[in-house]
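Structure first, then comments.
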Amino acid sequence: MMTDEEMIHCRVPERQLERAIAIMHRLRIPGGCPWDAEQTHESIISNLLEEAYECIDAIRANDRPHMREELGDVLLQVLFHAEIAAESSEDPFDINAIACELSDKLVRRHPHVFGSSAVHDTEGVLSQWDAIKRQEQSIEDKPYLKNCGKGLPSLLRAYKITKKVAKVGFDWPDHAGVVEKIREETDEVADTLSMDDSDPRVAEELGDLLFCTVNLCRRRGIDPELALDAANRKFERRFNFLEKALKAQGISLNEATVDEMEAAWQQAKQEEHS
């Protein structure tokens, strides 16, 4: 059996997870890294969020080398939390306990693979997963949406909420119904234009419009987060073109008029479609 020091320098491909665990342990013990040793579960929450989003960005860009690196950074956060938890005097657990709980859950929630359940399509799998989850958490008699999407950013949580209620039939019969609701919400947003920005009804109506738009995305099989990300990228691309076009005319962004910006913007759109 390798010593911790030997494992830290081990290059055997199939033992790299063990190596990462040994390195994380070494960083936290006396004589390791002062910064790593000072961290707590709470202090590295932002790291977990940041690394997850950076990994998502690499996936969307289909940048495989970068994806491998960012997935490693996400794994680092799991190993970091596991090491901190293992040191705790109150209900300690380590990476093996985390992996064991995950494995048990995967087997338990896939009875069509590891048991005798006769489920053969994706819809049935998802319905079965949800039923098993509710039974495990003893929430059969609690609100259907209890903890649904808890902790997710609001856009993703709206998507998850609407997707879940649709499973029990609370949904529009067709896409046209959602579009009509979006028009209705747009009219209600227009009615708030005469209100002061601090009026809570302004934010409420804008929130309703966003929520309905997420619903339409969900019905069309489009992830609203991905759709908004694509819109962000398109806007950034076109605005960069606008800035470059104005600069070629000797005009800075601060000097440009609205008409000059609009003309450059329309040019950017034409360039994309040509």
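The values are calculated or read from the model by the stated rules, or taken from the named source; none is laboratory data. All values derive from a computational prediction rather than experimental measurement. Positions of Cβ are backbone-derived with ideal geometry, glycine not excepted, and every protein chain shown enters the neighbour counts. For accessibility, only protein heavy atoms count, side chains too; no ligands or nucleic acids. Shrake-Rupley method; radii C 1.70, N 1.55, O 1.52, S 1.80 Å.
Positive end of the dipole of the chain (Cβ unit charges, origin at the Cα centre): among LEU75, GLN16, SER198, the Cα lying farthest that way belongs to GLN16.
Note on region 3-119: Rg/Rh from Cα positions, Kirkwood definition for Rh, rounded to two decimals, is 1.04. Loop-located GluC sites (Glu not before Pro) in region 173-274 (DSSP state other than H, G, I, E, B) with a sparse environment of at most 11 neighbouring Cβ atoms within 10 Å: GLU255.
Please compute the Kirkwood hydrodynamic radius of region 108-259 from all pairs of different C-alpha atoms, in Å with one decimal. Walk me through the numbers before you get to the answer.
Numbers: mean 1/r = 0.0514 Å⁻¹.
The Cα-based Kirkwood calculation yields 19.4 Å.
Among the trypsin sites (Lys or Arg not before Pro) within region 3-59, those in coil by DSSP and having at most 11 neighbouring Cβ atoms inside 10 Å are ARG11. Both numbers refer to the Cα atoms of the chain; Rg and Dmax are 25.4, 74 Å. Taking all protein chains together, ARG218, ARG157, ARG183 sort by accessible area into ARG183, ARG157, ARG218, largest first [probe 1.4 Å]. Computed with every protein chain present, the accessible area of SER274 is close to 120 Å² [probe 1.4 Å]. How far is helix 45-60 tilted, in degrees, relative to the longest principal axis of the Cα atoms in the chain, given as a value from 0 to 90 rounded to the nearest 10? Tilt of helix 45-60: around 70 degrees. For the pair LEU156 and GLU42, the difference between a 0.36 nm per residue extended length and the Cα-Cα distance amounts to 38.8 nm.
Spatial offset of region 86-103 relative to region 19-54 amounts to 16 Å, using the alpha carbon center of each.
The mean accessible area for residues of region 20-92, using a 1.4 Å probe and ignoring ligands and nucleic acids, is 63 Å² per residue. Identify which of ALA176, ALA85, ALA263 has the largest mean-square fluctuation in a Gaussian network model of the chain, with springs joining Cα atoms closer than 10 Å. Among ALA176, ALA85, ALA263, the largest mean-square fluctuation in the Gaussian network model of the chain belongs to ALA263. With a Förster radius of 30 Å, plug the Cβ-Cβ distance of LYS167 and GLU271 into 1/(1 + (r/R0)^6) and report the FRET value to the nearest 0.05. Plugging the Cβ-Cβ distance into 1/(1 + (r/R0)^6) gives 0.10.
Put ARG220, ARG134 in order of accessible area, highest first, and with a 1.4 Å probe you get ARG220, ARG134. Rolling a 1.4 angstrom probe over the chain with all protein chains present gives an accessible area of which 56% lies on carbon and sulfur atoms. The GluC sites (Glu not before Pro) of region 116-174 meeting both criteria, a DSSP state outside H, G, I, E and B (loop) and at most 10 other C-beta atoms within 10 angstrom of the site's C-beta, are GLU140. Computed from backbone phi with θ = phi - 60° and the Karplus coefficients 6.51, -1.76 and 1.60, the 3J(HN,Hα) list for region 208-221 is 4, 5, 4, 4, 5, 5, 4, 4, 5, 4, 4, 5, 8, x Hz; x is used for glycine and proline.
Take every Cα pair under 8 Å whose residues are at least 6 apart in sequence, average their separation, divide by the length of the chain, and the relative contact order is 8 percent.
Please find the FRET efficiency linking LYS142 to ASP104, where r is the Cβ-Cβ separation and R0 is fixed at 22 Å, and quote it to the nearest 0.05. That gives a FRET efficiency of 0.45. Heavy-atom accessible surface of region 154-273, averaged per residue, reaches 68 Å², computed with a 1.4 Å probe. Pairs of Lys residues in the chain, spaced 8 or more positions apart or belonging to different chains, with C-alpha separations under 19 angstrom: 26 in total.
Ordered by solvent-accessible area of protein heavy atoms (1.4 Å probe), largest first, the residues HIS175, HIS81, HIS9 come out as HIS9, HIS175, HIS81.
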